[in-house]
Amino acid sequence: MKKILCLAMCAVFAAALPARAQSDEYRDAVAEMMELTGALRNADVVMTQMVGYLKTSAPSVSEAVWEKIISKFNEKMRARMVDIYVPIYSKYLTLADLRELNALYATPVMRKAVGATPAIMQEGMSAGAALGQEIMTELQRELQAGGYE
């Protein structure tokens, strides 16, 4: 009986090892994709903004201390962001999918596109807001002119 229990326990642990290795590989692939797409840089921006806010409430703290805080919490935020996204990505993408995406994101044209995306988004939002205002003005004119009754 002890021998059977021991064998069963060994089988459970042996089965768990590849799954853990798989999950580590998956987490690493998600982290790589988030780095390549710039998603993890957002954590850095958020940390800088939070520290900027905190600096006003603690003016006696030296810049060297703030740098240490930023370094420590940037790492923490990046790790936590990856941890948050791993189960989300795992619902939709396999490890093979992530590897293919990472290979794509690592190409020069994708790095260029990722680098340009913030500016493209900002210009697009401005243009979209202007379009929305233009359409709203036209709608108001048409409603005032009647013709829909």
Legend entry - Failed criterion for residue 28 (all others in (1) at pLDDT 90 or above; (2) of a type outside the set (S, T, N, Q); (3) outside any helix (DSSP H, G or I) hold): (3)
Legend entry - Condition broken by residue 36, with the remaining ones in (1) open to solvent by 30 Å² or more (accessible area, probe 1.4 Å); (2) in contact with a Leu (Cβ under 8 Å, 6 or more places away or on another chain); (3) of a type outside the set (Gly, Ala, Ser) satisfied: (2)
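Listed here are the residues, each with its yes/no results for (1) out of contact with any helix residue (DSSP H, G or I) (no Cβ under 6 Å at 6 or more places or on another chain); (2) outside any helix (DSSP H, G or I); (3) open to solvent by 90 Å² or more (accessible area, probe 1.4 Å); (4) more than 30 Å from residue 107 (Cα to Cα).
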residue: 40; (1), (2), (3), (4): no, no, no, no
residue: 44; (1), (2), (3), (4): no, no, no, no
residue: 47; (1), (2), (3), (4): no, no, no, no
residue: 51; (1), (2), (3), (4): no, no, no, yes
residue: 55; (1), (2), (3), (4): yes, no, no, yes
residue: 69; (1), (2), (3), (4): yes, no, no, yes
residue: 75; (1), (2), (3), (4): yes, no, yes, no
Legend entry - Cross-chain or 6+ apart pairs with Cβ under 7 Å, segment 63-83 first and farther than 11 Å from residue 47 by Cβ, then basic (Lys, Arg): 82/27
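Yes or no, residue by residue, for (1) open to solvent by less than 60 Å² (accessible area, probe 1.4 Å); (2) assigned to a helix (DSSP H, G or I); (3) in contact (Cβ under 8 Å) with a residue 24 or more places away in the chain:
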| residue | (1), (2), (3) |
| --- | --- |
| 86 | yes, yes, yes |
| 89 | no, yes, yes |
| 100 | no, yes, no |
| 104 | no, yes, no |
| 112 | no, yes, no |
| 123 | no, yes, no |
| 129 | no, yes, no |
| 132 | yes, yes, no |
| 140 | no, yes, no |
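The values are calculated or read from the model by the stated rules, or taken from the named source; none is laboratory data. This one's a predicted model, so the numbers in the text were calculated from it and none came from an experiment. When we count neighbours, we look across all protein chains shown, and the Cβ atoms used for this are built from the backbone with ideal geometry, even at glycine. Ligands, DNA and RNA are stripped out before the accessible areas are found, and what is left, the full protein with its side chains, is counted by its heavy atoms. Shrake-Rupley method; radii C 1.70, N 1.55, O 1.52, S 1.80 Å.
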